[in-house]
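A short write-up of the structure that comes next.
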Amino acid sequence: QRFTENAIRNLEAAYKPKWGVIAVMDARTGAILASSSIPTFDPNVRNITNYQSPFVTYTYEPGSVMKVYSYSCAIDSGKYNPNQIVKSGSIKIGDDEVRDWLRVGWGNITLDKGFAYSSNVAASTIMQTTINKTELRNCLEKFGFGDTTGVELANESSGDISFVYPIEVATAAFGQGITTTVMQQLQAMSMFANDGKTVTPRIVSKIIDPNTGKVTYESKVTKSEKLIQTSTVTKMKELMYDVVNGSDPNASGLAYHTNST
């Protein structure tokens, strides 16, 4: 907890965000081991304006982390072709256009490379050639998006994964135009540590009556049914690993490699 408190203070000092959260969860049990947020409750401050917990009440556009899930949905469908060629840079979706964060793109790339490069065009292409909007929505709902997790915190939001039009479907694949919560992200990401099963986050271990010593509530590890195949989990772990630890100099997470200067 001390580490997360220090980290959130450093984040606040460096970037002055409107809000921010850091959470550490045991991916096997769902236990929230530490959590810090800004704004936060400070008993030394009067006239507090915000009593909400951003972990469950704040919703936000998650951005490119959703590529983990859209790729998972595509791979698990059995229709994903890792070597499918995509012309990066931009793609027309009806009258609209989706662009990569690197506007000029990287030329022709495979879908696998598109994940490593965090290509919006690659994610959008998946929605044009591999799965459709119904399959994506059903898959994201299966992962827990659009619903509360059930963690023991009040006023939990469910987020919004509504998308109808082709451009909305395309942008949903890379996390724009939809909203999620921090807890939903923790829950969904846990399936890669549990062979395709998600684990429900839990912040309370147990409650003991101070007068009787009796345990009145005790949380338990709660896992979903198997949501994606073991082969999908393995493939996604390989793709995620290569984002940071691969040899491709264009990989979007290379700067976070532990041996990087």
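Is it true that some residue in segment 226-238 is of a type outside the set (Val, Ile, Thr), at negative phi and more than 21 Å from the chain's Cα centre (by Cα)? No, segment 226-238 contains no residue that is of a type outside the set (Val, Ile, Thr), at negative phi and more than 21 Å from the chain's Cα centre (by Cα).
Among Val121, Val151, which is the only one that is open to solvent by less than 20 Å² (accessible area, probe 1.4 Å) and in a helix (DSSP H, G or I)?
Values: Val151 fails: in a helix (DSSP H, G or I).
None of the other options fit; the residue is Val121.
The single residue among Gly105, Gly63 that is farther than 29 Å from Gln229 by Cα, open to solvent by less than 60 Å² (accessible area, probe 1.4 Å) and touching a Gly at 6+ places or on another chain (Cβ under 6 Å) turns out to be Gly105. Scanning segment 160-177 for residues that are among the β-branched types (Val, Ile, Thr) and surrounded by fewer than 23 Cβ atoms within 10 Å (Cβ to Cβ) gives Ile161, Val164, Ile167, Val169. Anything in segment 16-36 that is more than 20 Å from Thr59 (Cα to Cα) and open to solvent by 30 Å² or more (accessible area, probe 1.4 Å)? List them, or say none. Scanning segment 16-36 gives Asp26, Ala27, Arg28, Thr29, Leu33. Residue by residue through segment 27-63, note down the ones that are of a type in the set (Gly, Ala, Ser) and out of contact with any helix residue (DSSP H, G or I) (no Cβ under 8 Å at 6 or more places or on another chain). Ala31, Ser53, Gly63 - these are the residues of segment 27-63 that are of a type in the set (Gly, Ala, Ser) and out of contact with any helix residue (DSSP H, G or I) (no Cβ under 8 Å at 6 or more places or on another chain).
Just one of the listed residues (Thr216, Thr232, Thr200, Thr222) is of a type in the set (S, T, N, Q) and without any contact (Cβ under 8 Å) to a residue 40 or more places away in the chain, and it is Thr216. Filtering segment 75-97 to residues that are closer than 15 Å to Val121 by Cα and among the small types (Gly, Ala, Ser) leaves Ser88, Gly89, Ser90, Gly94.
Residue-by-condition table, conditions (1) at pLDDT 95 or above; (2) open to solvent by 70 Å² or more (accessible area, probe 1.4 Å); (3) in contact with a Cys (Cβ under 6 Å, 6 or more places away or on another chain):
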position	(1), (2), (3)
Asp195	yes, yes, no
Thr198	yes, no, no
Val204	no, no, no
Ser219	no, no, no
Lys226	yes, yes, no
Gln229	yes, yes, no
Met240	yes, no, no
Tyr256	no, yes, no
Asn259	no, yes, no
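Out of the residues in segment 129-147 that are among the β-branched types (Val, Ile, Thr) and in contact (Cβ under 8 Å) with a residue 12 or more places away in the chain, which is surrounded by the fewest Cβ atoms within 10 Å (Cβ to Cβ)? Reasoning before the result, please.
Of segment 129-147, the ones among the β-branched types (Val, Ile, Thr) are 129-131, 134.
After this cut, where a residue has to be in contact (Cβ under 8 Å) with a residue 12 or more places away in the chain as well, the list is 129-131.
Details: Thr129: 14, Thr130: 21, Ile131: 22.
Result: Thr129.
The values are calculated or read from the model by the stated rules, or taken from the named source; none is laboratory data. Just so it is clear, the structure is predicted and the values come from calculations on it, not from any experiment. Every residue, glycine as well, gets a Cβ built from its backbone with ideal geometry; the counts of neighbours run over all protein chains shown. Heads up: the accessible areas ignore ligands, DNA and RNA and are worked out on the full protein's heavy atoms, side chains in. Shrake-Rupley method; radii C 1.70, N 1.55, O 1.52, S 1.80 Å.
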